[in-house]
Amino acid sequence: MIDAVVLVLREVMEAMLVCCVLLASSHALGARHFWLLAVTACALAGALLYAVNLAEVTTLFDGRGQELVNVLLLVVSSVSLFYYMSRIPVMLLTTSIAVPAAVYIAIILAAAGALIRELAEIFVYVFSYGIAAGRTVPVLSGAAIGAGVGVSTGVFLYYGLLWLGKKRCLQVSVVVMGLISAGLLSQATRFLVQAGLVPGEHVVWDSSWLVAESTLIGELLHALIGYDATPSMEQMSVYLMSLFFVFILLRRVISTQSTYNNAIQQKA
Amino acid sequence: MISIRWFLTLTLIALIVLVSFLSSLRGYRESMSEAEILFDLQLLEHVKLLGLLNPASYLEGNALVLDDNIVLTSAEVELSSQLEVVYQIFDRDGRLVIRSESSPVENMAAFESGYQQAEFNNYQWRALVAQDPRDGHWVMAAQRSDVRYRLAETVTLQAVLPSVLAVPIAGLLIWLIVGVGLRPIQILAAVVRARETSDLRPVELHDVPRELTPLTQSTNELLMRLALAFDREKRFAADAAHELRTPISILKVQLHNILHDLHEKKTAREDHDKSAESLREIGEGIDRLAKLIEQILILNRTSPDQYMQSFSRMDLLVLARDVVSSEFEQILARDQVFSLTGESAIIVGDVTALRSLVQNLLINASKYTPVGGQISLSVTNEQNLVVLRFEDSGPGIPECEYSRVFDRFYRLGGDHHDPSVSGSGLGLAIVKHIAEMHEADIQFSRSASLGGLCVTVSFPLNNVERGK
């Protein structure tokens, strides 16, 4: 049961982090929450499809199918997050209350991309280690406890971000989304290295003696900043480039907020 | 914050889930760990039991001596000594064949198959007695009752204790969450409480929760209505005082003249006539004053914030005809040509108020139309409206004055208005109030047929539906 709790909690926490930051920041911009329904439907359908066809997907592209699908989902998610973040200063400047459809689509893609991978892992685990192994009750109980704890933490994270107030909420959201996006792109690069499409021979450092990826702190850091104990040079380059882009976006958000201090309040 | 209800529901459910699941997990881990110890000790007892089968045991006084390193910690040694199961085997005649070290020499339980309570070595024991059906041997095993109970309790407590400890923590967190949830109400109350008595500006709060939006809106509407009412009352008092001052001054002068005459005790015929003239003027002045006060009262009663609506269905044409017949004397006195045309038009309204509206417009038309002029009144149904239209051949009102004539005590030409035309300046203000009360629209224009003023009052037909 404990294994199920830990695995499901890890996956749900990763998904909740992305969803809660998107929910809180879009609320601060005046967006409505109906997109959450679309994301839930897409993620559930996509994850089931992915989990059911995992064996076929793995054999695609000379056995590199799973890595490439993961790369696709990671890239879609991080690019959508970057697009959404780049629209935040623009939306702060406009006097219109309505959030553009393109922004809603970016939010849905970002959240669905993150959720599909995590949910598919949960489905595969629950079916293979629980139902198929005859341990349905302990595995499902553990999964329910893990999901409950993860979602509850997400609720507090969401209200915590709202509690910061609109200005700080947007700034913190951009920082967190930036770190998540950089981490997602770094993960995508790692999958490409695993698939043999990117060299990745030179490992920059090995910090597994300090924080192993399998520990609780390692998992948390992985979810929050895309921590990798043995990053390749290519991974580091992508990560640092993404962080540079995030830094520029954050500066734009802060300068827009200070210039048009009342814009958010008027939109509210 | 989107909604207090959602905030409290989601956060409290999340809190309960977190607290109960985490305490269950903690209980699960602790219970599992306790169960592990129990299973280990069970294994140890099996080993001891099997050891009794070793012939060497007999040489050691029927007790198995184990190497110390099997039981690791001192707590386990203590537990092991307490958990120990003692054994006895008797032959069919009740002679002791073999026993474990801690068991008494006498049989520790009665020779009856099944579970029993026994007492020896100063403790209560739970014993199991069985007889071998082949040769009649009796096998007895016993365990201390208090140790069994304590072990069972330890396992159960490990599962229950985290939940017990979690309750006060959950209580404290719920108290904090409810405090955060109710904070917008406290802020609103503080903002309203901090207001000066004279400050009737709307309350401005950002990011108001859904539940408080209607309250904030209605508070602001109430403040707005109060501000308007205060403003109106202030202006009304000032205007009324100003308008009443002039006739009262005239009356005072006239009274002074009469007193002066009486004081002089003039008895001449002409002085009597003069006094009678003064008294007649005082009487007229009092009439005008009474009319003015009556108009002021009507105006006050028909103010939107004063009027108690008592609407009923009525035919506007019948009502207009009725008013015309009662006021026709004045029209005849001025030798004016009057025509009333139209069709039956049902509206919903207050009869007294509408009568006052028609009466005021009719008297105004007659008053401002020259002697021998023309006045026409029509009642028609137009699309979704019932239209009451007065037209006259008088001088009309300049377009720039259209919006101002509804002001209370406003007279065309100001202080230089035609002195031959009497009036309080309240008639059209009353008309406007009554029209607003009936959601009717009132428009001024130049009459195409008669050349004077055209007043059009349009009553919406949904007004009729409402009254059904």
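The values are calculated or read from the model by the stated rules, or taken from the named source; none is laboratory data. The shown structure was predicted, so the numbers you read here are calculated from the model rather than taken from an experiment. Quick reminder, even Gly has a Cβ in these numbers, built from the backbone with ideal geometry, and neighbours come from all protein chains shown. Just the protein is used for accessible areas: all its heavy atoms, side chains included, with ligands, DNA and RNA removed. Shrake-Rupley method; radii C 1.70, N 1.55, O 1.52, S 1.80 Å.
Counts of other chain beta carbons within 10 angstrom of each beta carbon in peptide B:197-210 average 1. Under a Cβ-Cβ cut-off of 14 Å, what is the net charge of the residues other than B:LYS252 that fall near it, where Lys and Arg count +1 and Asp and Glu count -1? Counting the neighbours of B:LYS252, the net charge comes to 0.
The B:ILE258 and B:ILE293 beta-carbon pair, evaluated with R₀ = 30 Å, returns a calculated FRET efficiency of approximately 0.85. Computed over region B:188-287, relative contact order equals 22 percent, with contacts defined as Cα pairs under 8 Å that lie 6+ residues apart. Each label point was placed 7 Å from the Cα along the Cα-to-Cβ direction; for B:THR341 and B:VAL139 their separation is 12.5 nm. Taking the empirical scaling 2.2 N^0.38 Å for compact globular proteins as reference, region A:14-109 has a Cα radius of gyration ratio of 1.28.
The label-point distance for B:TRP6 and B:VAL192, in a model that sets each label 7 Å from Cα toward Cβ, rounds to 2.5 nm.
Along each principal axis, taking the top coordinate minus the bottom one, the Cα set of the protein assembly as shown gives 164, 75, 52 Å in descending order.
Averaged over the residues of peptide A:150-160, the number of Cβ atoms from other protein chains lying within 10 Å of each residue's Cβ is 5.
Sort region B:312-466 into rounded, prolate or oblate with this rule: let a ≥ b ≥ c be the square roots of the eigenvalues of the Cα gyration tensor; rounded if a/c is under 1.5, and if a/c is not under 1.5, prolate when a/b is larger than b/c, oblate otherwise. Present the calculation step by step, with values, prior to reporting the outcome.
Working: a/c = 1.71, a/b = 1.38, b/c = 1.24.
Because a/c hits 1.5 or more and a/b exceeds b/c, region B:312-466 counts as prolate.
Hey, for a label at B:TRP175 modelled as a point 7 Å past Cα toward Cβ, could you say which residues of region B:6-20 have their backbone N under 13 Å away? No residue passes the distance filter. Ranking A:GLN171, A:LEU243, A:VAL211 by Cα position along the charge dipole of region A:128-267, where only Lys, Arg, Asp and Glu carry charges on their C-beta atoms, puts A:GLN171 farthest toward the positive end.
Subtracting the Cα-Cα distance from 0.36 nm times the residue separation, let me have the gained length for B:VAL318 to B:HIS242 in nm, one decimal. Write down the numbers at each step before the final one.
Values: separation 76, 0.36 × 76 = 27.36 nm, distance 3.84 nm.
Additional length available on full extension: 23.5 nm.
Within straight-line reach of B:LYS48, meaning a Cα separation under 12 Å, sit the following aspartates and glutamates at least 8 residues removed in sequence or on another chain: B:ASP67, B:GLU84, B:GLU101. Computed over protein heavy atoms with a 1.4 Å probe, the carbon and sulfur contribution to the accessible area of the protein assembly as shown reaches 62%. Send over the semi-axes of chain A's equivalent ellipsoid, whole angstrom and largest first, taken as the square roots of 5 times the C-alpha gyration tensor eigenvalues. Square roots of five times the eigenvalues give 32, 23, 18 Å.
Summing Cβ point charges (Lys, Arg +1; Asp, Glu -1) relative to the Cα centre of the protein assembly as shown gives a dipole of roughly 2120 debye.
The charge dipole of chain A, taken about its Cα centre with unit charges on the Cβ of Lys, Arg, Asp and Glu (plus for the first two, minus for the last two), comes to roughly 1280 debye.
In the protein assembly as shown, the DSSP-assigned H stretches of four residues or longer account for a calculated mean residue ellipticity at 222 nm of -21500 deg cm²/dmol, using -39500 (n - 2.57) per stretch and the full residue count as denominator. Less than 5 angstrom separates the built amide H of B:GLY342 from those of B:VAL379, all sequence-distant by 5 or more or on a different chain.
For chain A, the longest principal axis of the alpha carbon atoms and the long axis of helix A:233-259 meet at an angle near 30°. Compare A:ALA112, A:ALA101, A:ALA144 in a GNM of chain A, Cα atoms joined below 10 Å, and give the one with the largest fluctuation. Looking only at A:ALA112, A:ALA101, A:ALA144, the biggest GNM fluctuation is shown by A:ALA101. With an 8 Å Cα cut-off and a minimum separation of 6 or more residues, compute the relative contact order for region A:39-154 in percent. Here the relative contact order equals 33 percent.
Placing +1 at every Lys and Arg Cβ and -1 at every Asp and Glu Cβ, with all other atoms neutral, what dipole size does region B:312-466 have around its Cα centre, in debye to the nearest 20?
With Lys and Arg at +1 and Asp and Glu at -1, about 140 debye.
Between A:GLY165, A:GLY178, A:GLY46, the GNM of chain A built on Cα springs shorter than 10 angstrom shows A:GLY165 fluctuating the most. Checking the a/c ratio against 1.5 first, then a/b against b/c, what shape does the Cα gyration tensor give for region A:195-254? The shape class here is oblate. Helix A:101-125 and the longest principal axis of the Cα set of chain A meet at an angle near 20°.
Over the Cα atoms of region B:127-226, the radius of gyration divided by the Kirkwood radius equals 1.67; this is the Rg/Rh ratio.
Angle check, please: helix A:166-194 long axis (alpha carbons) against the longest principal axis of chain A (alpha carbons), in degrees 0 to 90, nearest 10. That helix lies at roughly 30 degrees to the long axis. Label positions at B:GLU119 and B:ARG95, each projected 7 Å from the Cα along the C-beta direction, are separated by 3.1 nm.
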